[in-house]
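Undergrad: Mind looking over this structure? Questions follow.
Values quoted throughout were computed directly from the atomic coordinates according to the rules given, and no laboratory measurement underlies them. These numbers were taken from a predicted model, which means no experiment stands behind them. Cβ atoms come from the backbone with ideal geometry, glycine included; neighbour counts cover every protein chain shown.
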């Protein structure tokens, strides 16, 4: 029998990003009403179409009910007790990074995100979002040489209003769901990426989201457009300080891929998950969706979900273009009292579309980890294929692992395959590794890493190493 | 509330039984299942309301289709047809359960009913009178195979209830046949209680005619070391719903299920299964096949629940589906809900059409396309049919499936 306590000890690692940056911030009053939305829009000097978009979304949101079908247990959110706009105070216009408050740069340095452009070796362009606003975007000039637009969404609203007006809300309409409607009404910042025709983005793009204040929610919006024959790899990371209150994070990500374009979107989500008693932590309600509009276009989601008290997230692909491809690779790790309800939707609309789903769930402690996915073959999706694989690993006898795949087919000339399994860390394998002189903890960590290998292989290099480490740290103290 | 009125205005109102009263009370608070609930979400609303269109009929339905001959050794019972049995032989006994015991058992079951999940049972029990309830207590060994019929009559809604107690160390083969008639609805609820070391090979074959509807619910409780094998087949119903709920109350039990539903024209047939492991060392092997043709809709939803107490559970569930037409659709949702950590659980699902390579191969050997399709289908069907016990050959199931439209 494997020592329960030993394995449990392997999953315990204090959250090392839990510090708070002491910085002067500009906050608006708590609460949500039309005036607040007008105020946010005014602060961001937005054009009228965007204000109308926000108000329309707010109207819809007021008529909607908070969803409860996922069966997640959490304290009712008081939407009037949240600050919807919070920004670090800084000079009106920043002409270079030198003018960014050094405390902010220090914060991101502490998180391991170099914003100073001297650190070019990493060759990753970063858009750093602190609470409600984007504070810096690196490598902009170099990207501009290739015609790539990479900036905060507020800047895009000012400089590329035509693109925003054309695409915003086309993938995730404001009325899509409760949290998407809320986001559409109050979104404060986020990233905007536009890859012109035929361009392969010369470097990986990355956005880093940091929540700093405990009483403000984060509602960012990301929009990525890949024109014909272009390709981009986008990374997203998130952390937050430790507070004993719950903070709401409701983001919307929209991806659009035209003919022959490819978008790879990778996330390492490590929001604060709350303490062992389940106090505090981020409520992560995210709507991520991509539209493969063009022929032979491809959208690939890969994610490592380790943080948040509650994760409610289903990155999806609408496969409209002929021969378009959707992929979803996910590792979700839950410990203590975390709850994760995550999965994907692959909606096959066009002919000869293909999708692959690989989901790995690891549940430890008293946590609840569910895979919930939908694969749908529409009537025109002739010759389409889907393959799904969902594996769960249970650590300890208090955690739960659920699998809810919804499969719907209306097209006989298509194939759907789904398989799921549940297992625990095999005692035989552990014994074997230990008999070869490998320490218990290392053996567990090796097995977990092996379990997630299919997904890690899909992550960009720098993320894969981070994810492996993150998982090992998170699992410290819980395997047994 | 229409349905409540219908039940209340039923002629038997004066002699309403205790069970009917309890179920009616429960139905008062939610007369119809919640269409948004997971169990009823995909149910076709107009077809479901068609089920309730017919008036309640408690008389013995006349059934003119001849049943196939039975071999001498088989015991044949028809529910509602003044069905009486009291067999006490040297090795075994099959006796009718006393009314008190039956009422107490059903009451105990109702107490843990969920309005949505067990709505079909609540409807059945609120409609049913004593005459259409058959309760059997079976013990002993070398018991001859048993066939039990439930059938509906045209233009009416019939409700039949079957309760079987299988005593310790007892093995039986039992074939249950539900027959639908033109424009009819049949509500069938079956309760099975398997005591320690008992085993049953249970077959459920349901087939209808034009515009016949069926709500078929099966509740099984397995005590330890019992074995329950179920082979089921549902076809030719305008609307049919087969609900299987199996509870391994102390674990250490074995369950094998092989089920199939075939839909054609604009039919809708669905299967819902819920397997609950309430103790360690449980075993489940389940396969559900669907075939949807024309404009029909086949649905499978299966959940496996493994709480903390059910360590060392070994459960597998497979949903295999054939979609043969552009206008047909298939929904399948196998689910796992697991808390125990030392378990082996897996499920799989596939949806496709007939294998083109195999069809091509057979055509190159001089077999016509339609013959080749039939051959492939027969092997697809045969896996399930061979699992149905008792006199299956006499029912010509394969022939019915392949040649009838």
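Undergrad: What ranking, highest mean first, results for peptides B:24-30, B:304-310, B:350-356, A:263-269 when packing means the other Cβ atoms within 10 Å averaged over each residue?
TA: Most protected by this proxy first, the peptides run A:263-269, B:304-310, B:350-356, B:24-30.
Undergrad: How much of the DSSP beta bridge set in the protein assembly as shown is antiparallel, as a percent to the nearest 5?
TA: So the antiparallel bridges amount to about 10 percent of the total.
Undergrad: Taking every residue in A:371-377, how many Cβ atoms of other protein chains lie within 10 Å of its Cβ, on average?
TA: Partner Cβ neighbours, averaged per residue: 2.
Undergrad: Among A:352, B:333, A:48, B:344, which comes first, then next, by fewest other beta-carbon atoms within 10 Å?
TA: The most exposed by this proxy come first: A:48, B:344, A:352, B:333.
Undergrad: Averaged over A:393-399, how many beta carbons belonging to a partner chain fall within 10 Å of each residue's beta carbon?
TA: The shielding value for this peptide is 4.
Undergrad: If you don't mind, another one. Sort A:314, A:84 so the one with the fewest other Cβ atoms within 10 Å of its own Cβ comes first.
TA: The most exposed by this proxy come first: A:314, A:84.
Undergrad: Suppose R0 equals 30 Å; then what is the FRET efficiency for residue B:114 and residue A:38 from their Cβ-Cβ distance, rounded to the nearest 0.05?
TA: 0.05
Undergrad: For region B:185-306, what does the convex hull of the Cα positions come to per residue, in cubic angstrom?
TA: 72 Å³
Undergrad: What 222 nm value per residue comes from the helices of chain B, counting each DSSP H run with n ≥ 4 as -39,500 (n - 2.57) and dividing by all residues, nearest 500 deg cm²/dmol?
TA: After summing the helix terms and dividing by residue count, I get -6000 deg cm²/dmol.
Undergrad: Suppose a student asked you for the relative contact order of region A:288-416, using Cα pairs under 8 Å spaced at least 6 residues apart; what percent would you report?
TA: It comes to 22 percent, rounded to a whole number.
Undergrad: Would you tell me the mean number of C-beta atoms belonging to other protein chains that fall within 10 Å of each C-beta in B:323-333, as a whole number?
TA: 6
Undergrad: Could you check which residue among B:338, B:299, B:79 shows the biggest mean-square fluctuation in a GNM of chain B with a 10 Å Cα cutoff?
TA: B:338
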